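Undergrad: Below is the structure I would like to discuss, written out as structure tokens.
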Amino acid sequence: MQNTENKNTSNNNTMNRYKISLISLLFFFSIFSASAQIAKQTHIFAVKDGQELKLDIYSSDSDFNINQPCLIFVFGGGFKEGTRDAEYYSNYFQYFAERGFKVVSIDYRLGMKNQKVPGVFNYKPLLNSIDIAVADLYSATEFLLEHADYLNIDTSKIIISGSSAGALTVLQADYEKRNQKESASILPQSFQYAGVISFAGAVFSKEGKPSYKITPAPTLFFHGSGDNLVPYKQIRVFRLGLFGSKSLAKQFRKKGYPYVFYSMDNVGHEAASYPMKEFLPEIEYFIQNLVLNNKQWLVDINLKDKFRKPTIKINPRSYY
């Protein structure tokens, strides 16, 4: 009888421990599930030309009390169309928000609306469009810096990324900030972007091949060699030019600036979009190593996908 009672007591203790463990496990998974939920908040960061400029902040709702690195995104659309919250970008936002980033997607003024085709003899509307987009990116950055404590943003880890027109904007923004241009004076002199991610971008220069007074941020380039909208190499007339990823990566290697360049053979302007779905781990790897861990890598990757055919064959004349 004694042995039976001891055995029953032992079984009861085991069951109790199992229940406690199961409850603890369920509690852990409930926390984990909660941490995987992405919260979104929207703020007006500026009013310009009668237009309210807004930004959306995506973040894990369990990390509001932790200073996080920040990934700013600037949408594409040729400076004439596009929205900060287009469904196509949601995977990109979700992926990095789940990994502990404050992901910020911003508005900017669209200077190429109702404009004629840009070209050698009609470059001023494009230049103006880039200028006001960069100014709006700087204003959004200023807003984030001023509210960093409230938003729990690590201001030393603000990365800018963009697609197509947005890629031109982020490359131009870092270029002008590193060269201490007047346009960048809105931001603290001590502040610099921690990294740049460009999906089919370029730099507009009136001074010949782009050069930097201060070493540029580690930069990740994606670009298709068959891109007819944003130059893969460069378009140049004397000192005036639009310098694409191939030209910039060559300059970065020559100067020893850290970068990774995915040169996509026989790919058109779709390189401005599909890496945000198909190359997310590679983007994360770049951020982790070159931005957060300060690896001094100079990487050129020549990628040929035998099964991918060019799908976006537009050029400035057909697009505008």
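Undergrad: State yes or no: is V170 touching a Gly at 6+ places or on another chain (Cβ under 9 Å), among the hydrophobic types (A, V, I, L, M, F, W, C) and free of Cβ contacts under 8 Å to residues at least 40 places away in the same chain?
TA: So V170 does not fit the description; no.
Undergrad: Do we have I160 as at pLDDT 95 or above, open to solvent by 10 Å² or more (accessible area, probe 1.4 Å), over 15 Å from Y212 (Cα atoms) and not polar (S, T, N, Q) here?
TA: On the way: at pLDDT 95 or above: yes; open to solvent by 10 Å² or more (accessible area, probe 1.4 Å): no; over 15 Å from Y212 (Cα atoms): yes; not polar (S, T, N, Q): yes.
So I160 does not fit the description; no.
Undergrad: Let me ask something additional. Which of the residues belonging to the stretch 214-240 are of a type in the set (A, V, I, L, M, F, W, C), surrounded by fewer than 17 Cβ atoms within 10 Å (Cβ to Cβ) and not in a loop (DSSP other than H, G, I, E, B)?
TA: Correct list: V237, L240.
Undergrad: Within the stretch 249-274, track down each residue that is in contact (Cβ under 8 Å) with a residue 60 or more places away in the chain and in contact with a helix residue (DSSP H, G or I) (Cβ under 7 Å, 6 or more places away or on another chain).
TA: Let us first name the residues in the stretch 249-274 that are in contact (Cβ under 8 Å) with a residue 60 or more places away in the chain, namely 269, 271-273.
Selection gives A272, S273.
Undergrad: Can you confirm whether the stretch 185-199 contains a residue that is touching a Gly at 6+ places or on another chain (Cβ under 9 Å), modelled with pLDDT of 95 or more and open to solvent by 10 Å² or more (accessible area, probe 1.4 Å)?
TA: We begin by selecting, within the stretch 185-199, every residue touching a Gly at 6+ places or on another chain (Cβ under 9 Å); these are 196-199.
Those still in the list that are modelled with pLDDT of 95 or more too: 196-199.
Filter once more, keeping what is open to solvent by 10 Å² or more (accessible area, probe 1.4 Å): none.
No: zero hits.
Undergrad: Being surrounded by 13 or more Cβ atoms within 10 Å (Cβ to Cβ), modelled with pLDDT of 95 or more and aliphatic (A, V, I, L, M) is the filter here; which residues of the stretch 36-56 pass it?
TA: Once the filter is applied, which keeps residues that are surrounded by 13 or more Cβ atoms within 10 Å (Cβ to Cβ), modelled with pLDDT of 95 or more and aliphatic (A, V, I, L, M), the stretch 36-56 yields A46, L53, L55.
Undergrad: Note down all Cβ pairs under 8 Å where the first residue falls in the stretch 36-50 and is under 17 Å from F93 (Cβ atoms), the second is among the hydroxyl-bearing types (S, T, Y) and open to solvent by 80 Å² or more (accessible area, probe 1.4 Å), and they're at least six residues apart or on different chains.
TA: Within 8 Å, no pair qualifies.
Undergrad: Would you check if S211 is open to solvent by 10 Å² or more (accessible area, probe 1.4 Å), over 29 Å from A46 (Cβ atoms) and in a loop (DSSP other than H, G, I, E, B)? Write out each step before concluding.
TA: Details: open to solvent by 10 Å² or more (accessible area, probe 1.4 Å): yes; over 29 Å from A46 (Cβ atoms): yes; in a loop (DSSP other than H, G, I, E, B): yes.
So S211 fits the description; yes.
Undergrad: Tell me whether the stretch 130-148 contains one or more residues that are surrounded by 16 or more Cβ atoms within 10 Å (Cβ to Cβ), assigned to a loop (DSSP other than H, G, I, E, B) and in contact (Cβ under 8 Å) with a residue 24 or more places away in the chain.
TA: no
Undergrad: Continuing with the same structure: Hey, which of the helices (runs of 4 or more DSSP H) in the stretch 252-320, taking only ones fully inside, have at least 3 residues that are at pLDDT 95 or above and surrounded by 16 or more Cβ atoms within 10 Å (Cβ to Cβ)?
TA: On the way: elements: 275-278, 280-286, 316-319.
Filter on the stretch 252-320 gives 280-286.
Undergrad: Does S247 satisfy the criteria of being of a type in the set (G, A, S) and either part of a loop (DSSP other than H, G, I, E, B) or open to solvent by less than 30 Å² (accessible area, probe 1.4 Å) (or both)?
TA: Answer is yes for this residue.
The values are calculated or read from the model by the stated rules, or taken from the named source; none is laboratory data. Please read all numbers here as calculations on a predicted model, not as lab measurements. Methodologically, a virtual Cβ is constructed for each residue, glycine included, from the backbone with ideal geometry; neighbour enumeration extends over all protein chains shown. Note: areas computed on protein heavy atoms with side chains; ligands, DNA, RNA excluded. Shrake-Rupley method; radii C 1.70, N 1.55, O 1.52, S 1.80 Å.
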